[in-house]
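Written out below as structure tokens is the structure these notes cover.
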Amino acid sequence: MPITTMPTGLTELEKVDEIIESHYWEESALIGILQDVQREFNYLPRPLLKHIAQRLDIPLNRIYSVATFYRAFTLKPRGKYTISACLGTACHVRGGKRVVEELERRLGIKAPDTTNDLKYSLQAVNCLGACALGPVVVVNGEYHAQITPKKVSGILKQYQ
């Protein structure tokens, strides 16, 4: 990933420096820094992780250790729309697996993956904490309840 200038006029490295500064350049704030960087760039690009390591004077392998330990972080670019489909027990017995299969078929990818155009990322998760609403699909934080394979196309149309 080449370093580019953002719409704000800052380079990506300058934006990362702003994020680090907002955490007072504290090594102990590494998780918060990574969260903010991922929120800004939608994933954790290698050049930015190297920059964080240099700026905080910590080994790059420690940053990778944190970034790969927590499932909330991703080292691969994610789509504009992140789709999480629940496969927890309540959703599974109500057809959650068929919903995931329909999402995979319509998007042309297998969970967990991202479409080539970086529009959609699909992940099957163990629980979304909405068992009474299952099967549940969440798109960028918006919950869709009692989903069936037939309802999948309608959900995707909302995010075109």
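The values are calculated or read from the model by the stated rules, or taken from the named source; none is laboratory data. Just so it is clear, the model here is predicted, and its values are computed rather than measured. Here the Cβ positions follow ideal geometry from the backbone for every residue, glycine too, while neighbour counts run over all protein chains shown. Just the protein is used for accessible areas: all its heavy atoms, side chains included, with ligands, DNA and RNA removed. Shrake-Rupley method; radii C 1.70, N 1.55, O 1.52, S 1.80 Å.
Can you pull out the strands (runs of 3 or more DSSP E) entirely within the stretch 120-160 that have at least 3 residues that are aliphatic (A, V, I, L, M)?
Answer list for the stretch 120-160: 120-125, 137-139.
With the checklist (1) under 22 Å from R71 (Cα atoms); (2) open to solvent by 80 Å² or more (accessible area, probe 1.4 Å) in hand, flag the one item R55 doesn't pass.
Of everything listed in (1) under 22 Å from R71 (Cα atoms); (2) open to solvent by 80 Å² or more (accessible area, probe 1.4 Å), R55 misses just condition (1).
Report, by residue number, each residue of the stretch 85-96 that is in contact with a Cys (Cβ under 9 Å, 6 or more places away or on another chain) and assigned to a helix (DSSP H, G or I).
T89, A90, C91, H92, G96
Just checking, how many residues over the stretch 14-45 are farther than 21 Å from S121 by Cβ and surrounded by fewer than 16 Cβ atoms within 10 Å (Cβ to Cβ)?
So the answer is 11.
State all residues of the stretch 16-39 that are farther than 16 Å from T68 by Cα and among the polar types (S, T, N, Q); if no residue qualifies, say none.
Across the stretch 16-39, the qualifying residues are S22, S28.
Taking into account only those residues within the stretch 101-150 that are out of contact with any helix residue (DSSP H, G or I) (no Cβ under 7 Å at 6 or more places or on another chain), over 20 Å from G88 (Cβ atoms) and β-branched (V, I, T), which is surrounded by the most Cβ atoms within 10 Å (Cβ to Cβ)?
The qualifying residue surrounded by the most Cβ atoms within 10 Å (Cβ to Cβ) is T114.
Every residue, every condition in (1) charged (D, E, K, R); (2) touching a residue at least 40 places away in the same chain (Cβ under 8 Å); (3) under 30 Å from K110 (Cβ atoms), yes or no:
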{"site": "I19", "(1), (2), (3)": "no, no, no"}
{"site": "E40", "(1), (2), (3)": "yes, no, yes"}
{"site": "S65", "(1), (2), (3)": "no, no, yes"}
{"site": "T68", "(1), (2), (3)": "no, no, yes"}
{"site": "K76", "(1), (2), (3)": "yes, no, yes"}
{"site": "K80", "(1), (2), (3)": "yes, yes, yes"}
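Would you check if V66 is open to solvent by less than 90 Å² (accessible area, probe 1.4 Å), touching a strand residue (DSSP E or B) at 6+ places or on another chain (Cβ under 6 Å) and part of a helix (DSSP H, G or I)? Show your work before the answer.
Values: open to solvent by less than 90 Å² (accessible area, probe 1.4 Å): yes; touching a strand residue (DSSP E or B) at 6+ places or on another chain (Cβ under 6 Å): no; part of a helix (DSSP H, G or I): yes.
Here the answer is no, as V66 does not meet what is asked.
Using the structure shown, decide if I109 is in a loop (DSSP other than H, G, I, E, B) and farther than 28 Å from E40 by Cα. Give the steps one after another, and end with the answer.
Working: in a loop (DSSP other than H, G, I, E, B): yes; farther than 28 Å from E40 by Cα: no.
Taking the combined requirement at face value, the residue does not satisfy it.
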